[in-house]
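One structure below.
Derivation of every value follows stated rules applied to the coordinates shown; laboratory data play no part. Only a predicted model underlies this, so the values are computations on that prediction, with no experimental measurement involved. Methodologically, a virtual Cβ is constructed for each residue, glycine included, from the backbone with ideal geometry; neighbour enumeration extends over all protein chains shown.
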Amino acid sequence: MTRIETDFIVVGSGIAGLMTALSLCSSGQVIILTKARQEESNSFRAQGGIAAAIGEGDSPELHREDTLRTGAELCDPASVDLMVHMAPQTIQLLAEWGIPFDQEDGDFALAREGSHSISRILHVSGDSTGAGITSSLLKRAKESQQIEMVTHTMVVDLFMDQGVCKGVFTFDLEHRPACFLARKGVVLATGGCGQLYRYTTNDLVATGDGFAMAYRAGAKLTDMEFIQFHPTALAVEQNPMFLISEAVRGEGAILLNDAGEAFMSRYHEWKDLAPRDVVSRAIYSEMQEGRRVYLDATCLGSRFAKRFPKIYRECLARDIDPAKDWIPVTPAAHFIMGGIRTDLDGQTTIPRLFACGEVACTGVHGANRLASNSLLEGTVFAQRVAQKLASLAPQSLEMEKVDHPPLFIDKQKEFVLKRRIQEIMWNYAGIIRTSSGLLKGLKQLEQLKEEIPVGLFECHNMLVTAQIIIRSALWRQESRGGHYRYDYPETNAEWSTKHYVI
């Protein structure tokens, strides 16, 4: 097995991974490992923007208030404080690094999204914020002599030695194994797990690898029951589904059912800008009653194409003109609030192992993430991770010869097994959950486990992560944020201090 040594290993090339690597490169050599092309990440697909209190009449305290309210009493206040107060300086840093944020009259253009009390969302090229930031960070990473990007290389497990993380096992495109070792530490920035679900906005690479690898190595995971379903994916059969940004509703678009009723007033006083869990359940309820749901953005007229050029092009390709046609929408799995448990420096419960971005649970999102706080979390905590990692003394990398099970290659079998996991999770651990459904889903996953060959790593990761989500959802006998139990529909104050740690 090939052995490669470096100072720092970062797994994942989304915003959290790139920001971590760029913040580390002045302290040593960094290798970024990514299992597909470097652009393939949820970060790259993000449309809406990045939140920060930089506008007139805004403040970190107001941003904090909105984040805590949306998180349904389950946020970690210390984490939220850190994030909202670091947000303005982080935006300034990104701007200095060349991120081309949209401007209006010489200032940053600020949009509003659901559950925000004020306009504070910065964006790039209207609705291509993730691609805009990621592309700029990738360009900067390529220019650094200290950063090496290794693509099409899947990290399949952490290399542990006496309870300490020393590196990772990988397979490349030719199925050749390797062991990458880190003198200072490993950062998991592997993103989320939307591909566990039949309908998702997440990139094909988001198969829950980071959660499963950390769990197998003995790291603690927490709050895994909280899955955010984005209310408005374009209702066209494809994987991943195309997202219709919440910012479209922020600009005045409204949700209608096929009877032409603006139904959101029946579900929440904030109507179309209610928290995402409320809007998703409302749309789901309309659909369960046999109605189709649309987003009516015709009020924007010709302005739609200028403000949302990417969405406009995608709709036109489907023979939908947002200036005059209603856009068919449906909820889809979008983000997980839980993850690998970390402290304020991104340190997991395993020495030398850090986590950043969606795979981490820093406590900033609680039970429900505030729109556009995800890119912010990744960029803020990446700086914290880098600062802590750089301060560590190098560790010894002497080791005995190591081995790892080979890859199992059967694309057809892999597709069938993945689809079964996705169907189980959508049917039993989706937008609305019940005890009987969750138990049925858990039983079906256990049966499926026997069919997955050793070496089919993505399938095993999906299965492990799915089982953790269902166990967590069974444990929380209430409804809160992104977790809704039909058999326990109320939010219970006693559960606001409880976290499921596995």
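General remarks:
- Helix screen, the chain: DSSP H segments with Cα axial length of 20 Å or more and mean Kyte-Doolittle hydropathy at least 0.0 are 77-96, 373-390, 457-475.
- Structure-based [θ]222 nm, the chain - -39500 (n - 2.57) summed over DSSP H runs of at least 4, per residue, nearest 500: -10500 deg cm²/dmol
- Taking the range 355-502 and dividing mean pair separation by its residue count, relative contact order in percent (alpha carbons under 8 Å, at least six apart): 23 percent
- Listed values for the range 237-251 are Karplus-derived 3J(HN,Hα) couplings in whole Hz (6.51 cos²θ - 1.76 cosθ + 1.60, θ = phi - 60°), namely 5, 6, 9, x, 7, 7, 8, 9, 3, 4, 4, 5, 5, x, 8, and x replaces Gly and Pro.
- With the highest mean first, a sort of the peptides 13-22, 197-206, 492-501, 137-146 on other beta-carbon atoms found within 10 angstrom per residue produces 13-22, 197-206, 137-146, 492-501.
- Each Cα pair under 8 Å and six or more residues apart adds its sequence gap; the mean of these over the residue count of the chain is a relative contact order of 22 percent.
- Gain upon complete extension [GLN103, GLU65; 0.36 nm per residue less C-alpha separation]: 11.1 nm
- For VAL329, the residues whose amide H sits under 5 Å from its own are ALA235, VAL293, TYR294, LEU295, ignoring neighbours fewer than 5 places away on the same chain, with H placed 1.01 Å from N.
- Note on ASP345, ASP277: ascending count of other Cβ atoms within 10 Å places them as ASP345, ASP277, the fewest first.
- Out-of-range pairs (alpha-carbon distance over 32 Å; input LYS220/LYS418; LYS35/LYS306; LYS139/LYS498; LYS35/LYS388; LYS142/LYS184; LYS35/LYS220): LYS35/LYS306; LYS139/LYS498
- Remark on GLY167: its backbone amide H falls under 5 Å from those of PHE159, ALA182, a criterion applied only to residues 5 or more positions apart or on other chains, H modelled at 1.01 Å from N.
- Around HIS499: net Lys/Arg minus Asp/Glu count, Cβ-Cβ under 15 Å: -1
- Net dipole in debye of the chain [+1 Lys, Arg Cβ; -1 Asp, Glu Cβ; about Cα centre; nearest 20]: 820 debye
- Net charge in the neighbourhood of GLU251 (other residues with Cβ under 13 Å of its Cβ; Lys, Arg +1, Asp, Glu -1) is 0.
- Centre separation in Å (Cα based) which lies between the range 417-467 and the range 231-248: 24 Å
- Loop-located trypsin sites (Lys or Arg not before Pro) in the range 349-458 (DSSP state other than H, G, I, E, B) with a sparse environment of at most 13 neighbouring Cβ atoms within 10 Å: LYS401.
- Modelled FRET efficiency - R0 22 Å, ILE4 with LEU173, Cβ distances, 0.05 increments: 0.85
- Antiparallel %, DSSP beta bridges [both residues in the chain], to 5: 60 percent
- The chain: projected area of the alpha-carbon convex hull, averaged over directions, in nm²: 22.3 nm²
- Loop-located GluC sites (Glu not before Pro) in the range 260-354 whose Cβ has at most 16 other Cβ within 10 Å (DSSP): GLU261, GLU269, GLU289
- Separation between Cα centres of the range 7-30 and the range 333-355, rounded to whole Å: 16 Å
- Long-range HN-HN contacts of ARG341 with modeled amide H, under 5 Å: LYS220, LEU221, THR222, CYS361
- Burial ordering of THR362, THR90, fewest other beta-carbon atoms within 10 Å first: THR90, THR362
- Share of pairwise Cα separations in the range 411-497, more than 20 Å, in percent: 37 percent
- Euclidean distance between Cα centres, the range 151-213 to the range 120-147, Å: 22 Å
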